[in-house]
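One structure is given here, and the rest of the page talks about it.
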Amino acid sequence: MSTEVYLVRHGETMFNQLNKVQGWCDSPLTIKGINDLKRTAQALRQVHFDNMYSSDLKRAIDTVHLMKDANQVSEIGKIKKLPEFREVFFGSFEGDDVEDTWEQVALAAGIGHENNVSKIINQVGIYEFREATKKADPRHLAENKDELDARMVRAVKVLATLTKHENRVLLVSHGDFIKTLGIKYWNQSDGLHDIIFPDNGSVTRGILHDNGKFEIVDYNVSAEKM
(Lines give C-alpha, C1' and ligand atoms only; values in the text may rest on other atoms or scores of the structure.)
Protein backbone atom coordinates (compact mmCIF):
# COMPACT_ATOMS: atom_id res chain seq x y z
CA MET A 1 0.00 0.00 0.00
CA SER A 2 1.34 3.42 -0.96
CA THR A 3 1.15 6.27 1.54
CA GLU A 4 0.42 9.88 0.67
CA VAL A 5 2.53 12.27 2.77
CA TYR A 6 1.59 15.91 3.32
CA LEU A 7 4.84 17.63 4.34
CA VAL A 8 3.94 20.94 5.98
CA ARG A 9 6.56 23.56 6.75
CA HIS A 10 6.21 25.06 10.23
CA GLY A 11 4.91 28.60 10.65
CA GLU A 12 7.04 31.72 10.72
CA THR A 13 9.24 31.98 13.82
CA MET A 14 11.01 34.82 15.57
CA PHE A 15 14.33 33.78 13.97
CA ASN A 16 12.67 33.72 10.53
CA GLN A 17 11.45 37.25 11.17
CA LEU A 18 14.88 38.41 12.35
CA ASN A 19 16.67 36.74 9.40
CA LYS A 20 18.72 34.48 11.65
CA VAL A 21 20.05 31.01 10.84
CA GLN A 22 17.70 28.46 12.39
CA GLY A 23 18.52 24.80 12.16
CA TRP A 24 18.51 22.70 15.32
CA CYS A 25 18.19 25.80 17.50
CA ASP A 26 14.60 26.87 18.07
CA SER A 27 12.54 30.02 18.42
CA PRO A 28 8.80 30.53 18.99
CA LEU A 29 6.17 30.96 16.32
CA THR A 30 5.24 34.59 15.67
CA ILE A 31 1.66 35.90 15.68
CA LYS A 32 1.87 36.05 11.89
CA GLY A 33 3.15 32.48 11.85
CA ILE A 34 0.24 31.27 13.95
CA ASN A 35 -2.32 33.16 11.84
CA ASP A 36 -0.85 31.78 8.60
CA LEU A 37 -0.96 28.27 10.03
CA LYS A 38 -4.61 28.72 10.97
CA ARG A 39 -5.32 29.30 7.27
CA THR A 40 -3.40 26.14 6.37
CA ALA A 41 -5.25 24.17 9.05
CA GLN A 42 -8.59 25.56 7.86
CA ALA A 43 -7.84 24.49 4.28
CA LEU A 44 -6.95 20.95 5.43
CA ARG A 45 -9.71 20.56 8.00
CA GLN A 46 -11.76 18.22 5.75
CA VAL A 47 -8.78 16.13 4.60
CA HIS A 48 -8.68 12.78 6.35
CA PHE A 49 -5.31 11.75 7.78
CA ASP A 50 -4.61 8.38 9.34
CA ASN A 51 -1.89 9.93 11.45
CA MET A 52 0.12 13.10 12.03
CA TYR A 53 3.84 13.39 12.79
CA SER A 54 6.36 16.17 13.33
CA SER A 55 10.04 16.78 13.79
CA ASP A 56 11.10 16.93 17.43
CA LEU A 57 11.71 20.71 17.39
CA LYS A 58 9.14 22.83 19.21
CA ARG A 59 8.21 25.06 16.26
CA ALA A 60 7.21 21.93 14.35
CA ILE A 61 5.39 20.40 17.33
CA ASP A 62 3.40 23.61 17.87
CA THR A 63 2.52 23.61 14.17
CA VAL A 64 1.30 20.01 14.05
CA HIS A 65 -0.98 20.58 17.05
CA LEU A 66 -2.63 23.48 15.21
CA MET A 67 -3.25 21.10 12.27
CA LYS A 68 -4.57 18.38 14.57
CA ASP A 69 -6.91 20.65 16.56
CA ALA A 70 -8.51 22.11 13.41
CA ASN A 71 -9.05 18.83 11.56
CA GLN A 72 -12.69 17.71 11.62
CA VAL A 73 -12.46 14.29 9.97
CA SER A 74 -9.40 12.62 11.52
CA GLU A 75 -8.93 10.87 14.85
CA ILE A 76 -5.34 11.55 15.77
CA GLY A 77 -3.80 10.32 19.00
CA LYS A 78 -0.49 11.31 20.51
CA ILE A 79 1.83 12.95 17.99
CA LYS A 80 5.01 10.96 17.34
CA LYS A 81 8.11 13.17 17.04
CA LEU A 82 10.69 12.20 14.46
CA PRO A 83 14.20 13.67 14.94
CA GLU A 84 15.11 12.42 11.47
CA PHE A 85 12.93 15.23 10.04
CA ARG A 86 14.69 18.02 11.95
CA GLU A 87 15.95 21.04 10.06
CA VAL A 88 19.43 20.97 8.53
CA PHE A 89 22.08 21.55 11.21
CA PHE A 90 24.24 24.63 10.66
CA GLY A 91 26.68 24.10 13.52
CA SER A 92 28.37 27.26 14.83
CA PHE A 93 26.28 29.40 12.49
CA GLU A 94 23.08 28.69 14.44
CA GLY A 95 21.53 32.01 15.47
CA ASP A 96 23.82 34.11 13.24
CA ASP A 97 22.71 36.56 10.56
CA VAL A 98 21.66 34.63 7.44
CA GLU A 99 23.39 36.81 4.85
CA ASP A 100 26.64 37.00 6.85
CA THR A 101 26.61 33.21 7.07
CA TRP A 102 26.12 32.68 3.34
CA GLU A 103 28.97 35.10 2.59
CA GLN A 104 31.29 32.99 4.74
CA VAL A 105 30.07 29.85 2.96
CA ALA A 106 30.69 31.47 -0.44
CA LEU A 107 34.25 32.35 0.56
CA ALA A 108 34.83 28.78 1.74
CA ALA A 109 33.49 27.54 -1.61
CA GLY A 110 36.03 29.73 -3.39
CA ILE A 111 33.61 31.99 -5.24
CA GLY A 112 34.30 35.27 -3.44
CA HIS A 113 31.83 37.58 -1.77
CA GLU A 114 28.23 36.45 -2.29
CA ASN A 115 25.33 36.33 0.18
CA ASN A 116 22.55 35.10 -2.12
CA VAL A 117 22.18 31.45 -1.23
CA SER A 118 20.53 30.47 -4.54
CA LYS A 119 23.39 32.00 -6.52
CA ILE A 120 25.92 30.11 -4.40
CA ILE A 121 24.12 26.78 -4.80
CA ASN A 122 23.58 27.25 -8.53
CA GLN A 123 27.25 28.08 -9.03
CA VAL A 124 28.80 25.23 -7.03
CA GLY A 125 25.93 22.73 -6.70
CA ILE A 126 24.05 21.64 -3.58
CA TYR A 127 26.63 19.05 -2.54
CA GLU A 128 29.62 21.40 -2.67
CA PHE A 129 27.47 23.99 -0.90
CA ARG A 130 27.00 21.59 2.03
CA GLU A 131 30.72 20.82 2.10
CA ALA A 132 31.54 24.54 2.06
CA THR A 133 29.12 25.15 4.95
CA LYS A 134 30.93 22.59 7.09
CA LYS A 135 34.31 23.99 6.02
CA ALA A 136 33.28 27.57 6.87
CA ASP A 137 31.89 26.57 10.27
CA PRO A 138 34.72 27.31 12.76
CA ARG A 139 33.92 24.09 14.65
CA HIS A 140 33.06 22.08 11.52
CA LEU A 141 29.82 20.85 13.10
CA ALA A 142 27.42 21.76 10.28
CA GLU A 143 25.94 18.85 8.34
CA ASN A 144 27.77 18.11 5.12
CA LYS A 145 26.54 16.26 2.04
CA ASP A 146 27.07 12.72 3.31
CA GLU A 147 25.65 13.39 6.78
CA LEU A 148 22.53 15.10 5.49
CA ASP A 149 21.94 12.61 2.69
CA ALA A 150 22.23 9.71 5.12
CA ARG A 151 19.71 11.38 7.43
CA MET A 152 17.25 11.95 4.57
CA VAL A 153 17.46 8.31 3.52
CA ARG A 154 17.02 7.23 7.14
CA ALA A 155 14.04 9.59 7.53
CA VAL A 156 12.28 8.04 4.54
CA LYS A 157 12.92 4.52 5.85
CA VAL A 158 11.65 5.40 9.33
CA LEU A 159 8.51 6.98 7.88
CA ALA A 160 7.91 4.01 5.58
CA THR A 161 7.99 1.66 8.56
CA LEU A 162 5.67 3.83 10.65
CA THR A 163 3.13 4.36 7.88
CA LYS A 164 3.02 0.83 6.47
CA HIS A 165 -0.73 0.56 7.14
CA GLU A 166 -1.63 4.25 6.67
CA ASN A 167 -3.07 5.74 3.48
CA ARG A 168 -2.43 9.43 4.15
CA VAL A 169 -0.39 11.22 6.82
CA LEU A 170 0.62 14.76 7.67
CA LEU A 171 4.18 15.50 8.78
CA VAL A 172 5.50 18.89 9.90
CA SER A 173 9.12 19.57 9.03
CA HIS A 174 11.38 22.49 8.09
CA GLY A 175 12.20 24.70 5.14
CA ASP A 176 15.74 23.66 4.22
CA PHE A 177 15.10 20.00 5.00
CA ILE A 178 11.96 19.96 2.82
CA LYS A 179 13.86 21.84 0.09
CA THR A 180 16.71 19.32 0.19
CA LEU A 181 14.19 16.47 0.00
CA GLY A 182 12.74 18.28 -3.02
CA ILE A 183 16.12 18.55 -4.72
CA LYS A 184 16.62 14.81 -4.21
CA TYR A 185 13.11 13.39 -4.76
CA TRP A 186 11.08 15.88 -6.87
CA ASN A 187 10.96 15.05 -10.56
CA GLN A 188 11.15 18.73 -11.50
CA SER A 189 14.56 19.06 -9.82
CA ASP A 190 17.81 18.10 -11.53
CA GLY A 191 19.23 16.94 -8.22
CA LEU A 192 22.00 19.52 -8.17
CA HIS A 193 20.75 23.10 -8.49
CA ASP A 194 18.57 25.17 -6.18
CA ILE A 195 14.78 25.13 -6.10
CA ILE A 196 12.44 27.65 -4.51
CA PHE A 197 12.47 27.70 -0.71
CA PRO A 198 9.13 26.43 0.66
CA ASP A 199 6.86 29.00 2.28
CA ASN A 200 5.91 28.81 5.95
CA GLY A 201 2.73 26.74 6.19
CA SER A 202 3.04 25.42 2.63
CA VAL A 203 2.36 21.79 1.68
CA THR A 204 4.74 19.51 -0.21
CA ARG A 205 3.07 16.23 -1.17
CA GLY A 206 5.01 13.00 -1.45
CA ILE A 207 4.21 9.36 -2.15
CA LEU A 208 5.83 6.50 -0.26
CA HIS A 209 5.53 3.43 -2.47
CA ASP A 210 5.30 -0.20 -1.41
CA ASN A 211 8.83 -0.86 -2.61
CA GLY A 212 10.23 1.88 -0.33
CA LYS A 213 10.68 4.42 -3.12
CA PHE A 214 9.79 8.01 -2.18
CA GLU A 215 8.84 10.68 -4.67
CA ILE A 216 7.62 14.25 -4.35
CA VAL A 217 4.72 15.03 -6.67
CA ASP A 218 3.69 18.53 -5.48
CA TYR A 219 6.12 21.04 -4.03
CA ASN A 220 5.53 24.23 -2.01
CA VAL A 221 1.79 24.44 -2.65
CA SER A 222 -0.62 26.63 -0.73
CA ALA A 223 -2.93 24.37 1.27
CA GLU A 224 -5.96 26.07 -0.32
CA LYS A 225 -4.85 24.67 -3.69
CA MET A 226 -4.40 21.08 -2.54
Checking L37, L162, L148 against a Gaussian network model of the chain (alpha-carbon springs below 10 Å), the top fluctuating residue turns out to be L162
Rounded to two decimals, what is the ratio between the C-alpha radius of gyration of the chain and 2.2 N^0.38 Å?
0.99
If ligands, DNA and RNA are left out, what is the accessible area of S222 with a 1.4 Å probe, given in Å² to the nearest 10?
50
Please list, in order along region 33-39, the HN-Hα scalar couplings obtained from phi with the Karplus expression 6.51 cos²θ - 1.76 cosθ + 1.60 (θ = phi - 60°), rounded to whole Hz, x for Gly and Pro.
x, 5, 5, 5, 5, 4, 5
Given the options I31, I216, I126, state which has the largest fluctuation in a GNM of the chain using a 10 Å cut-off (strictly under) for Cα springs.
I31
Can you compute 3J(HN,Hα) from phi for each residue in region 83-90, using the Karplus curve 6.51 cos²θ - 1.76 cosθ + 1.60 with θ = phi - 60°, rounded to whole Hz and x for Gly and Pro?
x, 4, 9, 4, 5, 4, 8, 9
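Could you rank W186, W24 by how accessible they are, 1.4 Å probe, largest area first? Working shown, then result.
Details: W186 40, W24 90 Å².
Result of the area sort, largest leading: W24, W186.
Counting other Cβ atoms within 10 Å, which trypsin sites (Lys or Arg not before Pro) in region 1-87 have at most 14 and lie in a DSSP loop? It would help to have the intermediate numbers written out before the result.
Values: sites: R9, K20, K32, K38, R39, R45, K58, R59, K68, K78, K80, K81, R86; in loops: R45, K78, R86.
Here the trypsin sites (Lys or Arg not before Pro) that fit, given the DSSP loop and packing criteria, are K78.
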The chain: most fluctuating residue of I121, I196, I183 per GNM, C-alpha cutoff 10 Å
I196
Grab the Cα-Cα distance for E166 and L192, subtract it from 0.36 nm times how many residues apart they are, and report the gain in nm with one decimal.
6.2 nm
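With all protein chains present, how much of the accessible area of region 19-105 (probe radius 1.4 Å) comes from carbon and sulfur, to the nearest whole percent? Display every interim value, and only then the final one.
Numbers: 1880 of 3960 Å².
Answer for region 19-105 is 48 percent, counting heavy atoms of protein chains only.
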Return the loop-located trypsin sites (Lys or Arg not before Pro) in region 182-218 (DSSP other than H, G, I, E, B) with at most 13 other Cβ atoms within 10 Å of their own Cβ; answer none if there are none.
K213
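Quick check on my link table: of K134/K184; K32/K119; K32/K213; K80/K145, which ones sit more than 31 Å apart, alpha carbon to alpha carbon? If you can, show how the numbers build up before the last one.
Working: K134/K184 20 Å; K32/K119 29 Å; K32/K213 36 Å; K80/K145 27 Å.
With Cα atoms farther than 31 Å apart: K32/K213.
Could you state the accessible area per residue of the chain in Å², with a 1.4 Å probe and every protein chain left in place?
Details: 10310 Å² over 226 residues.
Counting only protein heavy atoms, the per-residue value for the chain is 46 Å².
Within region 131-226, what whole-number % of the accessible surface is contributed by carbon and sulfur, with the 1.4 Å probe and all protein chains included in the calculation?
Details: 2220 of 4490 Å².
It is 49 percent, rounded to a whole number.
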Taking the simple approach of a point 7 Å from Cα along Cα-to-Cβ for both S2 and N211, what is their distance in nm?
1.2
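The values are calculated or read from the model by the stated rules, or taken from the named source; none is laboratory data. All of these numbers come straight from a predicted model, not from anything done at the bench. So basically every Cβ, Gly included, is an ideal-geometry build from the backbone, and we count neighbours across all protein chains shown. These accessible areas exclude ligands, DNA and RNA; they are computed on the full protein's heavy atoms, side chains included. Shrake-Rupley method; radii C 1.70, N 1.55, O 1.52, S 1.80 Å.
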